[in-house]
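Below: one structure, written as structure tokens.
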Amino acid sequence: MNARHPADHPVLEIDLDAIALNWRAVERAFSGTRIGAVVKRNAYGLGVERIAPWLFHLGCADFWVATLDEGVALRALLGARRARIFVLHGLGGVTPLTHAEHGLIPVLADLGELALARQLAAVRAMPLAVAVHLDTGLTRLGLDAAQVSALCQDPAAFAGLDLQAWVTQLGRFQDPNAPECIEQRTRFFEWTARLPPAERSLSTSSCVFADVRWHLDHARVGSALYGVETAPANLQGFASVATLRAPVLRVANVAAGAEVGYGGSYRLPVSATLATLAIGYGDGLPIHLGNRGSVVLAGQTVPIVGGVSMGMITADISTLPPGSVQPGDFAEIYGPNQRIHELASAVGMAPSALLVPTADRARRSYRGSSVVELRSVDAA
């Protein structure tokens, strides 16, 4: 039976039970001490106000956000719950006092931020919790080799600071065994061996399911929790969390030779039955899916024909039984029948780059036996 919904725009269904299954899978695989959930960008578009409390209920006590605003909102959401919240963008031009007031741990990005943190710690006369980013090869944020050497020669470099973690990010996270990643890991080992002891955080979703030498102390896991495969060579079969559906607006029999969509990017070689769906680039769908991607209708995979416009795409449903698709039915864009990494691969993009914008713009609903349990968590 086809899913129906009164909306004429995309709908995202989020399975909280599936998140629990994936959390347990990460727990079983990871050999380190702590697992932190990455909930930046509104928990990858899935709705941080529902996802973060649920993950805390499952046992997650560490959370990673991108910005100060995200951290402040998450702290307000979690309230007095004993959770660490790390801010990956560092201070972002804001005094570390603001982070301290909201119980946030900035991941310091350079020596200047480290100096500001020391100054505040001296003024407060109490330890200030921080983490430090080490740039082992991504060339984005963090201290490079020369700055690490300078720290090692400065006995007061961390005066007054409560150093929570050393953090680094792989440049080829989708393939931890790439030579470049192994070089980064070697640098991380060498640098942290010379620096004061703290948790070492190198492992992200793909590394958790790789060799235990990648695990270290603290994992930062996002994609795996949300059912997104990030390592094509090492698929884990995560439980499907997010299902994006778009409604059928029209079903029409179209003659051979007709152009489909703007610019005539597709011309029907033979007569066909076409379904117009209410989803497009305005809903976060990549324009490159035109004439390349597919959707699932009536239990079968059918191709997208023509371009991706702001609010519509077209699918060729000629292979389906006549009458099996009607206006008001819903097509699965990604979900259990077409996994998001499969759709993303059609245009050569990272699955999370497809998930975040489409999930964030769709109307979200939540399901699973966990929904009832989550209400009790919210009321606590």
**Prompt:** Scanning for something under 26 Å from Phe209 (Cβ atoms) and among the acidic types (Asp, Glu), does region 132-141 turn up at least one residue?
**Reply:** yes
**Message:** Whether any residue in region 194-207 is in contact with a Gly (Cβ under 6 Å, 6 or more places away or on another chain), touching a residue at least 60 places away in the same chain (Cβ under 8 Å) and charged (D, E, K, R) is what I want to check.
**Reply:** no
**Request:** Could you please let me know if Ala121 is hydrophobic (A, V, I, L, M, F, W, C) and free of Cβ contacts under 8 Å to residues at least 40 places away in the same chain?
**Result:** no
**Message:** Against the condition buried (at least 18 other Cβ atoms within 10 Å of the Cβ), in a loop (DSSP other than H, G, I, E, B) and either in the same structural domain as Arg250 (by TED's automatic domain parsing) or of a type in the set (A, V, I, L, M) (or both), how does Gly348 come out, does it pass?
**Reply:** no
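Okay, residues lined up against (1) in contact with a helix residue (DSSP H, G or I) (Cβ under 8 Å, 6 or more places away or on another chain); (2) not in a loop (DSSP other than H, G, I, E, B):
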{"residue": "Asp162", "(1), (2)": "no, yes"}
{"residue": "Gly171", "(1), (2)": "yes, no"}
{"residue": "Glu183", "(1), (2)": "no, yes"}
{"residue": "Phe188", "(1), (2)": "no, yes"}
{"residue": "Pro197", "(1), (2)": "no, no"}
{"residue": "Ala224", "(1), (2)": "yes, yes"}
{"residue": "Gln236", "(1), (2)": "yes, no"}
**Request:** Among the residues of region 194-209, count how many are among the basic types (Lys, Arg) and over 23 Å from the mean Cα position of the chain (by Cα).
**Result:** 1
**Prompt:** In region 201-214, is there at least one residue being modelled with pLDDT of 95 or more and assigned to a strand (DSSP E or B)?
**Reply:** yes
**Asked** Considering Gly348, Gly335, Gly284, Gly368, which residue is within 18 Å of Val241 (Cβ to Cβ), at pLDDT below 95 and among the small types (Gly, Ala, Ser)?
**Response** Gly368
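The values are calculated or read from the model by the stated rules, or taken from the named source; none is laboratory data. Not measured: the values here are computed from a predicted model. Cβ: placed from backbone, ideal geometry, glycine included. Neighbour counts: every protein chain shown.
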